[in-house]
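Below: the structure, in structure tokens.
None of the figures in this text is laboratory data; all of them are computed from the coordinates on show. Since the model is a prediction, treat every value here as computed from it, not as a measurement. Please note: Cβ atoms are built from the backbone with ideal geometry, for glycine as well, and neighbour counts cover all protein chains shown.
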Amino acid sequence: MHVAIVGAGPAGLMAADVLSQRGLAVDVYDAMPSVGRKFLMAGKGGLNITHSEPFAAFVARYDAPDWLAPMLHTFGADSVRQWMADLGVDSFVGTSGRVFPVEMKAAPLLRSWVSALKKRGVKIHTRHVWQGFSEHGALNFTAGGESLNITADAVVLATGGGSWAKLGSDGRWFEFLRQQNVPLAPLCASNGGFVVAWSGFMRALAGLPLKNIVGWVQNEQGDVLAHSQSECVLTDDGVEGGLLYALSRPLREQLVRDGAAALWLDLLPHVALADLTAKLQPSTKQSLVNVWRKAGLDAVRIALIREALPKDDWSNAPRVAQCLKKYRLNINAQRPIDEAISTAGGVMQSALNEHLMLHALKGVFCCGEMLDWDAPTGGYLLTACFASGQHAARGVLDYLGLNDGAA
Ligand SMILES: Cc1cc2nc3c(=O)[nH]c(=O)nc-3n(C[C@H](O)[C@H](O)[C@H](O)COP(=O)(O)OP(=O)(O)OC[C@H]3O[C@@H](n4cnc5c(N)ncnc54)[C@H](O)[C@@H]3O)c2cc1C
């Protein structure tokens with residue numbers, strides 16, 4: 001039995017892992033000159049591969065928890081750690097519960113993984129660009145200037161989302177599946193930055209962090225839709241970082257609906273409003289900036305006050321305190337999809353059976369970020385890619401009638 005996998009990222013390689021362990025002939029095709037480029041990029045700042053929180057909290061991070069729960073139940077955080085250990089890569093739990101390989105990078109893990117796959121006979125074909133399906137349903141590739149059609153007993157598509165195109169996942173697959181009448185949700189940026197129309201003096205602060213803040217998104221009635229305690233970084237034209245990633249989805253939804261969104265911030269969550277108001281009282285003995293600094297305001301918080309309040313209000317302690325405790329940041333847009341850590345949207349759940357096989361294309365399975373689920377970064381993205389890669393592979397075994405153990 002022969003399976004063709006398109007995409008040699010975490011999801012596709014995990015599907016290859018499962019299928020090759022069962023003795024199937026597996027060919028993996030990737031457009032890039034080498035495999036797992038986005039995975040390696042994810043390891044650059046420290047590969048946060050999964051999260052150690054309890055399962056119920058873990059699965060609640062996803063926007064499609066019911067869909068993903070069975071997959072994550074079978075291959076969740078503990079399985080990811082065990083799988084890494086089997087490949088000779090130890091992991092540790094950081095203070096926030098996030099899990100990293102001891103060496104922090106993705107490269108040693110990827111090297112060991114690919115070597116294990118090759119030992120099991122998995123053939124990896126790089127520089128093979130999938131161009132869609134031929135008239136007869138074969139996979140059509142271009143490679144070395146030639147066009148070739150490949151058939152297999154089953155196909156796994158694991159072509160990623162639509163960001164960081166230079167790493168391979170350019171989202172071109174979307175059009176190929178649309179032509180096959182596969183239900184698709186538009187790809188959009190997730191875990192990326194947002195645009196704010198800063199005044200000139202704010203732009204000078206680009207790169208500076210806002211640490212230990214609470215952010216939330218609320219509806220018109222003032223009900224909190226989502227909140228997060230984290231940090232963010234000022235950019236030339238807005239904000240990015242963990243807080244924005246956690247609130248990506250409700251902000252994006254507001255932007256789509258209203259053309260603008262509001263991010264609410266408590267810039268000093270550890271100080272009560274009354275205490276802060278007292279600390280901000282102007283004094284004849286010291287400058288206003290000194291009063292602000294003593295009250296715990298750093299350069300960024302001071303600049304944000306200046307950005308939000310007219311000068312006449314700066315010595316109005318209750319107003320400044322109120323502004324710091326409930327700061328409204330007007331968001332105008334998302335940064336472009338190509339810059340985002342991940343993309344939401346993709347192959348909809350309704351397009352697939354419970355084994356991740358497309359209703360429209362018998363024997364063709366999908367997994368990884370190309371599926372229509374979303375989560376904040378922090379190990380959740382990679383874990384769902386691994387888990388869905390495993391799930392699709394088990395679906396292939398089922399489809400080929402091999403779930404009895406015989407390949
Ligand atoms: C800067 C950055 C940091 C990140 N940090 C983290 C993190 O710390 N934790 C976390 O959980 N996640 C992180 N991620 C996200 C994570 O890397 C992705 O969610 C994950 O790699 C997606 O896996 P995938 O296998 O679905 O797709 P991908 O990794 O995108 O792999 C898809 C593969 O398919 C190939 N392909 C696409 N189209 C074609 C085609 N037409 N023909 C042939 N091949 C094709 C591509 O070349 C690619 O190799 C980060 C991402 C980025 C960009």
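Worth a mention:
- If you take the Cα centroid of the range 99-130 and the Cα centroid of the range 337-372, the two points sit 22 Å apart.
- All C-alpha to C-alpha distances of the range 204-251, sorted into 5 Å bins beginning at zero, yield P(r) values of 5, 23, 27, 21, 15, 7, 2, 0 percent in whole numbers.
- Once exposed loop GluC sites (Glu not before Pro) are cut out (DSSP; at most 11 other Cβ, 10 Å), longest piece of the chain: 1-134
- Per the Kirkwood formula applied to alpha carbons, the chain shows a radius of gyration over Rh ratio, Rg over Rh, of 1.05.
- If the chain linking ASN181 and LEU225 were pulled fully straight, counting 0.36 nm for each residue of separation and taking away their Cα-Cα distance, it would gain 12.4 nm.
- C-alpha center-to-center spacing [the range 189-229, the range 301-327] in angstrom: 16 Å
- Computed on the Cα trace of the range 49-105, the radius of gyration divided by the Kirkwood hydrodynamic radius gives Rg/Rh = 1.00.
- As a length-normalised measure over Cα pairs under 8 Å and 6 or more apart, the relative contact order of the chain settles at 24 percent.
- Volume of the convex hull of the range 310-403 (Cα atoms only), normalised per residue: 151 Å³.
- The Cα center of the range 4-81 and the Cα center of the range 240-295 differ in position by 37 Å.
- Against the chain, whose longest principal axis is taken from its Cα atoms, helix 107-119 shows a tilt of about 10°.
- Taking a straight Cα-Cα cut-off under 27 Å and skipping sequence neighbours fewer than 8 places away in the same chain, the lysines within cross-link reach of LYS326 are LYS211, LYS279, LYS294, LYS311.
- Once the Kirkwood radius over Cα pairs is known for the range 194-334, the Stokes-Einstein relation at 37 °C and 0.692 mPa s delivers a diffusion coefficient of 212 µm²/s.
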